[in-house]
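Visitor: Take a look at this one; I'll ask things after.
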Amino acid sequence: MLIGLPKEIKNNEFRVGLIPTSVAELVKSGHQVLVQTGAGAGIGAGDEAYQAAGAMISPTAEQIFQDAEMIVKVKEPQEQEWAQLSPHQILFTYLHLAADMSQTQGLMRSGCTAIAYETITDDAGGLPLLAPMSEVAGRLSAIEGAAHLKAVNGGRGLLVSGVPGTEAAKIVVIGGGVVGTNAAKMAVGLGADVTIFDRSVPRLRALSDIFGTSVATRYSKHEALAEAVRGADIVIGAVLIPGASAPKLVSKAQLKEMKPGAVIVDVAIDQGGCFETSRPTTHEDPTYIIDDVVHYCVANMPGAVPLTSSQALNNATLPFVLALANNGLAALDNDPHLANGLNVRGGKLMHPAVIDALGSLSAA
């Protein structure tokens, strides 16, 4: 199979879908890889590194979208990219379609087969291709929240750890999954006062086993969460419903009751966000302020640390890339977990959660 690797074009996205060692594995398996010049610049991998791994170098993305049988990316295709896709192609990347009708319509019109990293499953019921980026985003959420508590960034002027004789920042994490767990790990390491909310009692028990008394665990009821948000210095939204839009768990009215200069970090923004006032931002312009509360809603947080992120992502995606390269779409029949990644095929929506979120498109 001829596999194409275009350079990412989303704002300040420096990750790459295939690192040179992954390209070498594909070439070793008998496949061809066409890499756009400069695709690996964000991780310090020049064209020569890809050529050494056995790749061919293309001067343009247009050639890759024209010739490749499978396109491997990191972020969802932008309009100029989905316009170049065709029915014979497989697109393998993050999609997050439930919160992006324009992209969904573009992929449906293209006729391509679009397989989303974020809905592929495993035997444990997890999301193995989402997990590594969730780990990165979770840890970054605490770091960015702490950074934006600084007065120069619009925050309360609070040192997250405090010092002897002062209080540490209160960090509330909504959601105890991979993002929330990693956010809590980093927040505890920074010396914060941390509370995690979740609606699964077994998950709360697991979190208690992980953190002991260093983290408070709370069952997520409306009043309890509202009270915690009022008293928080940082609130991290870490809620995920696979393939679906994120639920709005903090309202604009609740936001008005937060401390002036408090910070919210919405890691769920790829799926529409879990705060009513959230809208996507970029690394270039990461925050805005509503009702004196700093909103950090960067939609590709792991892109800020592309070397770590690209390595971690490739560790998870490579087996699936190889399966698709070796077997084509028959790989979906061979692996039900990979089949759960199928979001669009032949102009139709295929994933149940995406259909539920965008049912009007499915019926069109």
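Visitor: Quick test of your reading of the structure: residue 188 fulfils all but one of (1) touching a residue at least 12 places away in the same chain (Cβ under 8 Å); (2) under 19 Å from residue 274 (Cα atoms); (3) in a helix (DSSP H, G or I). Name the failing condition by number.
Guide: Of everything listed in (1) touching a residue at least 12 places away in the same chain (Cβ under 8 Å); (2) under 19 Å from residue 274 (Cα atoms); (3) in a helix (DSSP H, G or I), residue 188 misses just condition (2).
Visitor: What pairs come up if the first residue lies in segment 87-100 and is more than 17 Å from residue 65 (Cα to Cα), the second is assigned to a loop (DSSP other than H, G, I, E, B) and of a type in the set (Ser, Thr, Tyr), and their beta carbons are under 8 Å apart, counting only those six or more places apart or on different chains?
Guide: Close Cβ pairs satisfying both conditions: 98/245; 99/245.
Visitor: What are the residues in segment 300-338 that are aliphatic (A, V, I, L, M) and farther than 13 Å from residue 129 by Cβ, if any? It would help to see each step written out before you state the result.
Guide: Taking segment 300-338 as the starting set, the residues that turn out to be aliphatic (A, V, I, L, M) are 301, 304-305, 307, 312-313, 316, 318, 321-325, 329-332, 338.
301, 304, 305, 307, 322, 325, 329, 330, 331, 332, listed by residue number.
Visitor: Within segment 127-156, take every residue that is assigned by TED's automatic domain parsing to the domain that holds residue 183 and part of a loop (DSSP other than H, G, I, E, B) and give me the one that is nearest to residue 13 (Cα to Cα).
Guide: Here the answer is 148.
Here's the yes/no breakdown for (1) in contact with a helix residue (DSSP H, G or I) (Cβ under 6 Å, 6 or more places away or on another chain); (2) in contact (Cβ under 8 Å) with a residue 40 or more places away in the chain; (3) over 23 Å from residue 257 (Cα atoms):
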| residue | (1), (2), (3) |
| --- | --- |
| 277 | yes, no, no |
| 284 | no, yes, yes |
| 287 | no, yes, no |
| 291 | yes, no, no |
| 297 | yes, no, no |
| 331 | yes, no, yes |
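Visitor: Go through (1) in contact with a Cys (Cβ under 9 Å, 6 or more places away or on another chain); (2) more than 30 Å from residue 337 (Cβ to Cβ); (3) not polar (S, T, N, Q) and name the single condition residue 258 misses.
Guide: Every listed condition holds for residue 258 apart from (1).
Visitor: Right, another one. Looking at 84, 78, 63, which one is at negative phi, assigned by TED's automatic domain parsing to the domain that holds residue 113 and in contact with a Lys or Arg (Cβ under 7 Å, 6 or more places away or on another chain)? If you could, list the steps in order and put the result at the bottom.
Guide: Numbers: 84 fails: in contact with a Lys or Arg (Cβ under 7 Å, 6 or more places away or on another chain); 63 fails: in contact with a Lys or Arg (Cβ under 7 Å, 6 or more places away or on another chain).
Going through 84, 78, 63 in turn, the sole match is 78.
Visitor: With respect to residue 47, determine if the residue is in contact (Cβ under 8 Å) with a residue 24 or more places away in the chain, surrounded by fewer than 23 Cβ atoms within 10 Å (Cβ to Cβ) and not basic (Lys, Arg). Walk me through how you get there before you give the answer.
Guide: Values: in contact (Cβ under 8 Å) with a residue 24 or more places away in the chain: no; surrounded by fewer than 23 Cβ atoms within 10 Å (Cβ to Cβ): yes; not basic (Lys, Arg): yes.
For residue 47, the condition - in contact (Cβ under 8 Å) with a residue 24 or more places away in the chain, surrounded by fewer than 23 Cβ atoms within 10 Å (Cβ to Cβ) and not basic (Lys, Arg) - is not met.
Visitor: Kindly indicate whether residue 96 is of a type outside the set (Phe, Trp, Tyr) and at pLDDT below 95.
Guide: On the way: of a type outside the set (Phe, Trp, Tyr): yes; at pLDDT below 95: yes.
So residue 96 fits the description; yes.
Quick grid of which residues meet (1) over 22 Å from the mean Cα position of the chain (by Cα); (2) surrounded by fewer than 19 Cβ atoms within 10 Å (Cβ to Cβ):
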| residue | (1), (2) |
| --- | --- |
| 304 | no, no |
| 309 | no, no |
| 326 | yes, yes |
| 334 | yes, yes |
| 337 | no, yes |
| 343 | no, no |
| 347 | yes, yes |
| 352 | no, yes |
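Visitor: How many residues, within segment 228-254, are farther than 18 Å from residue 300 by Cα, among the hydrophobic types (A, V, I, L, M, F, W, C) and modelled with pLDDT of 95 or more?
Guide: So the answer is 6.
The values are calculated or read from the model by the stated rules, or taken from the named source; none is laboratory data. Quantities reported herein were computed from a predicted structural model and do not represent experimental measurements. As a convention, Cβ positions derive from the backbone with ideal geometry for all residues, glycine included, and neighbour counts pool all protein chains shown.
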